[in-house]
Amino acid sequence: METQRIFEGKTVDHAIEEALKYFECTRDELEVDVITKGSTGIFGIGGRKAQIRVNYVPKTQEEECSKEEETPEREAEEGHVAQGAEVEGPSQVEMEEETREEGPPREHLEAEPFMEEAQEILSELLRLSNIDATVKIEMDSQNGPYLNVESEDLSLVIGKGGQNLGAFKYVMNLMLKRRHEGCPTIEVDAQGYLEKRRQQIEASARRLAEKAKKSGRSQSLEPMNARERRFVHLAVKRIKGVTTKSVGEGDSRRVVIYPQRRRGGGSGGRPRQRRLNRQSGGRDRRH
Amino acid sequence: MKELIEYIAKALVDNPDAVEVNEIEGEQTSVIELKVAKEDLGKVIGRQGRTARAMRTILSAASTKLKKRAVLEILE
């Protein structure tokens, strides 16, 4: 990825926003030079966009590594935030969470002492939700201990697109973290659902990547959580001629697969932005 | 379902004694009203309403078995 780039926006702030999204980083990793300040014009006609030149200075490797340990999961971060802690730009966590290749195995010894309590909380949540289920502590050779929910009502445990399972996991972890500060986020599976889901996601990511390449149009996946978006990024990374990017905020955040432009510059296809530029005065290309 | 919300809310707030949950039962729909201390409101709502949303998701899973619908109202 190149580190210097020019961004535009209605105002300088908007342009910076664009830059943050583009590099998926925090404000302090950007050096910003203002080229022109924007002016609104009359009723938005004849206004000029603000232009800035941005130099992206990523934090050093060590810093990122230590940060990863602090926030091994996005949920962990949000769990703290929900309790009123300070927020760093979510995009930074996002970037580490999603695009990091399988690094060194995560520290899972830490989770061990909390497993029984997690099991208890989750069992109680399920019982109070009128769902007959058994929660077992199981061990994954790569990712360490996790909770496995077994139930006759599996579809109710999992919910549409895994949303029930996600909610149970989130609330259970939130409660656990309230009791034990710094406790790692504990994974919750339901009879192999997570693996099945991962395979589904990767298959549809690959299919849409091919579609993007053939059609030359960007393809959007359905909204997913950070973990699932990461599967998409990693699956598409191996395919040439396309790039991925997460767009949207919160619940509607999803991955878009862009076909790469021939002239290599940047992360390729952003047809929408280009069109907008042209409409609003198209400084560069017109006449 | 009242018990469920009570269990979750009490575990998340600083003032569990101030947690109040009422269930208003209708024929098909139940309304669960959750009241917490003012300074705990953020804890049951969460960033971008994430905690509230998770509670609602769990609540609707809980009501499926009862063949009912349940609505969570967080009172200020």
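Summary of values
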item: Pick from the stretch B:24-76, criterion outside any strand (DSSP E or B) and in contact (Cβ under 8 Å) with a residue 40 or more places away in the chain, ranking: farthest from B:ASP14 (Cα to Cα); result: B:GLN28
item: Answer from B:ARG50, B:ARG56 - the residue that is surrounded by 20 or more Cβ atoms within 10 Å (Cβ to Cβ), charged (D, E, K, R) and at the interface with chain A (Cβ under 10 Å from one of its Cβ atoms); result: B:ARG50
item: Index of the failed condition, A:ALA226 passing every other in (1) in contact (Cβ under 8 Å) with a residue 12 or more places away in the chain; (2) in the same structural domain as A:ALA118 (by TED's automatic domain parsing); (3) touching a helix residue (DSSP H, G or I) at 6+ places or on another chain (Cβ under 8 Å); result: (2)
item: Matching residues, the stretch A:139-151, being within 14 Å of A:SER129 (Cβ to Cβ) and either within 10 Å of chain B (Cβ to nearest Cβ) or open to solvent by 10 Å² or more (accessible area, probe 1.4 Å) (or both); result: A:SER151
item: Hits in the stretch A:137-159 (condition: farther than 20 Å from B:ILE58 by Cβ and in contact with a strand residue (DSSP E or B) (Cβ under 7 Å, 6 or more places away or on another chain)); result: A:ILE137, A:GLU138, A:MET139, A:ASP140, A:PRO145
item: Single unsatisfied condition, A:GLY182 versus (1) over 23 Å from B:ILE5 (Cα atoms); (2) surrounded by 14 or more Cβ atoms within 10 Å (Cβ to Cβ); result: (2)
item: B:ILE74, sole failed condition from (1) over 10 Å from the mean Cα position of the chain (by Cα); (2) open to solvent by 20 Å² or more (accessible area, probe 1.4 Å); result: (1)
item: Failed item in (1) within 17 Å of the chain's Cα centre (by Cα); (2) away from every other protein chain (no Cβ under 14 Å), with A:GLY250 passing the rest; result: (2)
item: From the options A:PHE114, A:PHE168, residue that is more than 10 Å from chain B (Cβ to nearest Cβ) and aromatic (Phe, Trp, Tyr); result: A:PHE114
item: Considering residues of the stretch B:8-17 that are touching a residue at least 12 places away in the same chain (Cβ under 8 Å) and more than 14 Å from the chain's Cα centre (by Cα) only, the residue least open to solvent (accessible area, probe 1.4 Å); result: B:ASN15
item: Residues located in the stretch A:121-171, provided they are part of a helix (DSSP H, G or I), touching a helix residue (DSSP H, G or I) at 6+ places or on another chain (Cβ under 8 Å) and of a type in the set (Ser, Thr, Tyr); result: A:TYR170
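The values are calculated or read from the model by the stated rules, or taken from the named source; none is laboratory data. As the structure is a computational prediction, the values presented were derived from the model and not from experiment. All Cβ positions, glycine included, derive from the backbone under ideal geometry; neighbour counts span all protein chains shown. The accessibility values were calculated without ligands, DNA or RNA, using every heavy atom of the protein model including side chains. Shrake-Rupley method; radii C 1.70, N 1.55, O 1.52, S 1.80 Å.
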